1. Considering region 81-93 alone, what residues qualify as being modelled with pLDDT of 55 or more and surrounded by 10 or more Cβ atoms within 10 Å (Cβ to Cβ)?
2. Looking at region 41-55, which of its residues are open to solvent by less than 100 Å² (accessible area, probe 1.4 Å) and under 20 Å from the mean Cα position of the chain (by Cα)?
3. May I ask you to list the residues in region 20-40 that are of a type outside the set (A, V, I, L, M) and open to solvent by less than 60 Å² (accessible area, probe 1.4 Å)?
4. Going through region 69-78 one residue at a time, which ones are open to solvent by less than 90 Å² (accessible area, probe 1.4 Å) and farther than 21 Å from His21 by Cα?
5. So Gly66 ticks every box in (1) out of contact with any helix residue (DSSP H, G or I) (no Cβ under 8 Å at 6 or more places or on another chain); (2) more than 20 Å from Gln17 (Cα to Cα) but one. Which box is left unticked?
6. Using beta carbons and a limit of 8 Å, which pairs, at least six apart or on different chains, have the first residue in region 28-56 and free of Cβ contacts under 8 Å to residues at least 24 places away in the same chain and the second one open to solvent by 90 Å² or more (accessible area, probe 1.4 Å) and polar (S, T, N, Q)?
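The values are calculated or read from the model by the stated rules, or taken from the named source; none is laboratory data. Keep in mind the model is a prediction, meaning the values are calculated, not measured. In this analysis, Cβ positions are derived from the backbone assuming ideal geometry, glycine residues included, and neighbour counts consider all displayed protein chains. Note: areas computed on protein heavy atoms with side chains; ligands, DNA, RNA excluded. Shrake-Rupley method; radii C 1.70, N 1.55, O 1.52, S 1.80 Å.
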Amino acid sequence: MLDELMRRLLGTDDRQQARLHARSVLGQVLHYHVFRPFIERLDADERDEPEAIASHIVRFTLRAMGYGPEFIDRIMAQVPSPDAHVGSSQESR
């Protein structure tokens, strides 16, 4: 699924290129997960929430792919906040 999303964002049929971009995103996620204890020791007073890290990865990746700030802001505005998602799932129970 991530490979397909990267292929669409890149506007290419080159599956290898899309796969490499997808692995780059996974690498960023893995980096923050594996090195979180080390990162937190570097700056114990500041802890990044998972939503902030996810937003950073998305923005960083889209910018690296050549998308401009206006496009990125428009896309990010369409993403529901985690609080909205939690609220809607609790209401449906």
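1. Passing the criteria: Pro82, Ala84.
2. Across region 41-55, the qualifying residues are Asp48, Pro50, Glu51, Ala52, Ile53, Ala54, Ser55.
3. Matches in region 20-40: His21, Gly27, Gln28, Glu40.
4. Ala77
5. Going through (1) out of contact with any helix residue (DSSP H, G or I) (no Cβ under 8 Å at 6 or more places or on another chain); (2) more than 20 Å from Gln17 (Cα to Cα) one by one, Gly66 breaks only (2).
6. Pairs that qualify, where the first residue is free of Cβ contacts under 8 Å to residues at least 24 places away in the same chain and the partner is open to solvent by 90 Å² or more (accessible area, probe 1.4 Å) and polar (S, T, N, Q): there are none.
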